[in-house]
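Scroll down for the structure; my scribbles are underneath it.
The values are calculated or read from the model by the stated rules, or taken from the named source; none is laboratory data. Bear in mind the structure is a predicted one, so any value in this text is a computation, not a measurement. When we count neighbours, we look across all protein chains shown, and the Cβ atoms used for this are built from the backbone with ideal geometry, even at glycine.
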Amino acid sequence: MPVNGLFEMPALPYEALGNIISKETLGFHHGKHLKAYVDNLNKLLPDSGLENLPLSEVVRKSEGGMFNNAGQVLNHAMYFEQFSNSPKPISDKMKALLERDFGSVEAFKKEFEQKGATLFGSGWVWLSADKDGKLVITQQKNAENPVTMGLTPLLTFDVWEHAYYLDYQNRRADYLTALWQIVDWAVVENRL
Ligand code: MN
């Protein structure tokens, strides 16, 4: 929720993520890219009619520049929150859901990485739950978030080049594979 009509910067609960995401990348990604989205959103909010809504509602109800900035604030808040230097493993409950809908955890990870690697240009790959609780993987361009499709977003990997270029250069697939080591599954499951 906005405080006094403004959204605050989502917290960054670590300085670096082992050798998976460097402090330098996080400095630019959180400190510069995300900060710009938050600042832009806060400039657009006053008198928009959306200034007292939760962020996910702003994303659902906005378009154009407001949508792009609100979407990127929500997407990055979820992205940074889901990683940890001491991540919790997948619970038996979550493992059972992934096996039910993808065959195995490994098959899920492979499809998720493949959809992240093949998204052309900038965007996000998401794991979400649909209204019946079925887990689905979607590719979303630019600032899109699965909430606009009526889905409940659970996990996301940012495939904009700013997320990985300093650490992985053009090797997007290597970045995606490495991220599994820092996903905190307790955070992901809490979103269910
Ligand atoms: Mn990003």
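Within the option set S91, S22, S86, S56, being over 19 Å from W180 (Cβ atoms) and polar (S, T, N, Q) holds for one residue only, S56. Candidates in the stretch 111-122 are the residues that are touching a helix residue (DSSP H, G or I) at 6+ places or on another chain (Cβ under 9 Å) and among the charged types (D, E, K, R); of these, the one that is surrounded by the fewest Cβ atoms within 10 Å (Cβ to Cβ) is E111. When the helices (runs of 4 or more DSSP H) confined to the stretch 75-192 are screened for residues that are among the β-branched types (V, I, T), away from the ligand (no atom under 15 Å from the Cβ) and at pLDDT 95 or above, those reaching at least 2 such residues are found at 185-190. Filtered by the rule that a residue be farther than 19 Å from A143 by Cα and either small (G, A, S) or over 19 Å from the mean Cα position of the chain (by Cα) (or both), the stretch 25-47 gives G27, P46, D47.
Exactly one residue among P146, P153 is in contact with a strand residue (DSSP E or B) (Cβ under 8 Å, 6 or more places away or on another chain), free of Cβ contacts under 8 Å to residues at least 40 places away in the same chain and farther than 25 Å from S22 by Cβ, and that residue is P146.
What's the total number of residues in the stretch 169-192 that are over 16 Å from E81 (Cα atoms), surrounded by fewer than 18 Cβ atoms within 10 Å (Cβ to Cβ) and touching a helix residue (DSSP H, G or I) at 6+ places or on another chain (Cβ under 9 Å)?
Filtering the stretch 169-192 down to residues over 16 Å from E81 (Cα atoms) leaves 169-178.
When the remaining residues are screened for being surrounded by fewer than 18 Cβ atoms within 10 Å (Cβ to Cβ), the result is 169-171, 173-174, 177.
Still in the running and touching a helix residue (DSSP H, G or I) at 6+ places or on another chain (Cβ under 9 Å): 170, 173-174, 177.
Residues in the stretch 169-192 being over 16 Å from E81 (Cα atoms), surrounded by fewer than 18 Cβ atoms within 10 Å (Cβ to Cβ) and touching a helix residue (DSSP H, G or I) at 6+ places or on another chain (Cβ under 9 Å): 4 in total.
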